[in-house]
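Just so it is clear, none of the values below were taken in a lab; they were calculated from the coordinates. Note that this is a predicted model, so its numbers are computed, not measured. In this analysis, Cβ positions are derived from the backbone assuming ideal geometry, glycine residues included, and neighbour counts consider all displayed protein chains.
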């Protein structure tokens with residue numbers, strides 16, 4: 001049970017959450033801030049139960065009830081219910097509730113209103129989260145965490161503390177004592193994680209309610225835990241590529257599938273920027289890549305994210321010349337082979353198969369898909385028998401600028417040589433691509449022989 005206050009109107013009572021009421025209603029925000037220890041609250045008894053229920057549903061879900069019960073048997077007429085809704089909306093300072101009721105009769109306006117109210121609710125909860133939860137986080141020496149005491153009657157209504165320790169190497173770099181960050185949070189929001197849901201339903205001590213809040217360790221960095229909490233409270237997850245793998249592992253550990261998917265999208269989307277044959281040619285001499293593709297592939301295997309496996313294989317194929325000779329790449333191929341239980345000598349290696357596929361994609365003839373090979377045949381006359389004018393050629397090739405026809409169809413300029421990966425001089429980029437493809441495929445075969453693998 002995660003509720004911490006009982007709100008009553010007339011003869012109806014509901015068990016609710018103080019932090020939700022404070023985030024959504026200025027009335028409750030003021031009253032509960034002044035008396036955070038309150039466990040019960042009474043609204044005017046003259047408010048109809050239907051009006052009370054409509055207000056609470058609006059606070060929690062951002063929408064009015066589909067039907068309002070009124071008339072014989074309810075004790076209230078329809079006009080009394082509407083008057084009660086208007087009264088409680090003003091009382092709780094949520095005037096937009098009445099607009100939602102009035103718009104509910106028109107499907108189009110009701111849909112627009114619902115989207116507006118959902119956005120309003122998310123923004124209010126996010127503002128409350130940042131102004132209360134994040135601003136009240138505590139950074140303390142790890143050795144002193146046991147001395148921290150948070151009473152249950154605290155001003156942000158937190159009912160549990162999450163602890164995250166900085167990485168040992170970070171503490172070593174500064175020479176200071178290791179730091180821990182404590183986040184005061186609410187079980188009701190943590191239940192969105194199956195990990196915490198199971199914990200709070202267990203017979204262990206973390207599930208018990210005590211005067212002093214329990215401190216629960218979470219095995220991730222403070223920055224990552226803050227991203228996780230932001231997602232649980234607000235559905236927002238904005239983080240850079242550099243931390244995306246750590247977020248992926250945390251989401252997998254806590255069983256938060258939506259955040260896990262988000263991390264995979266960030267990695268595969270940002271990591272794919274500039275992934276093209278032209279970009280590969282420009283960056284082939286770099287010593288390092290912007291991302292640790294080996295860590296990403298291993299993370300994909302550990303977290304069972306197919307999207308990331310495919311991304312990592314494609315990335316390696318498009319940057320293969322930078323990796324093919326490295327011990328780390330050979331080790332990764334061996335790991336992929338070992339992932340097949342009872343693997344036979346002739347079984348395929350999944351990573352190697354994927355790299356071959358994307359390598360073929362990378363070096364595929366540039367005009368195959370565009371169908372320009374026929375148009376570029378000098379001996380093919382135009383349909384009307386007239387010769388093509390320059391403007392006509394421009395029209396035909398309009399929309400295929402990315403193919404860089406002019407650059408690809410001519411040889412190197414004066415004083416400039418085009419060389420393949422093994423240093424051979426060739427006439428044009430097409431010849432370069434063809435030979436580089438054969439060189440890389442040959443290196444893959446040589447690597448397999450060196451590793452004593454047959455695939």
Would you mind telling me the antiparallel percentage of the DSSP bridges in region 5-131, rounded to 5? 65
Measure off 7 Å from each Cα along the Cα-to-Cβ vector at residue 178 and residue 45, then give the distance between these two points in nanometres to one decimal. 5.9
Could you give the length gained by full extension between residue 350 and residue 454, i.e. 0.36 nm per residue of separation minus their alpha carbon distance, to one decimal place? 36.2 nm
Please give the peptides 129-135, 240-246, 205-211 ranked by average Cβ packing (other Cβ atoms within 10 Å per residue), highest first, as a rough proxy for protection. 240-246, 129-135, 205-211
Give me the compactness ratio for region 137-265, meaning the Cα radius of gyration over 2.2 N^0.38 Å. 1.07
Full-stretch length increase - residue 115, residue 206 - with 0.36 nm per residue and alpha-carbon distance subtracted: 29.1 nm
To the nearest Å, what is the center-to-center distance of region 118-151 and region 177-242, using C-alpha atoms only? 11
Over region 5-131, relative contact order from alpha-carbon pairs under 8 Å, at least 6 apart, %: 26
I'd like the FRET efficiency for residue 439 and residue 142, computed as 1/(1 + (r/R0)^6) with the beta carbon distance as r and R0 of 41 Å, rounded to 0.05. 0.20
Working out 0.36 nm times the residue gap between residue 339 and residue 292, then minus their Cα-Cα distance, what length gain in nm do you get to one decimal? 14.9 nm
Taking a virtual spin label 7 Å from the Cα of residue 154 along the C-beta vector, which residues in region 30-53 bring their backbone nitrogen under 19 Å of it? 32-39
Taking 433, 454, 238 and counting other beta carbon atoms within 10 angstrom, the fewest-first order is 238, 454, 433
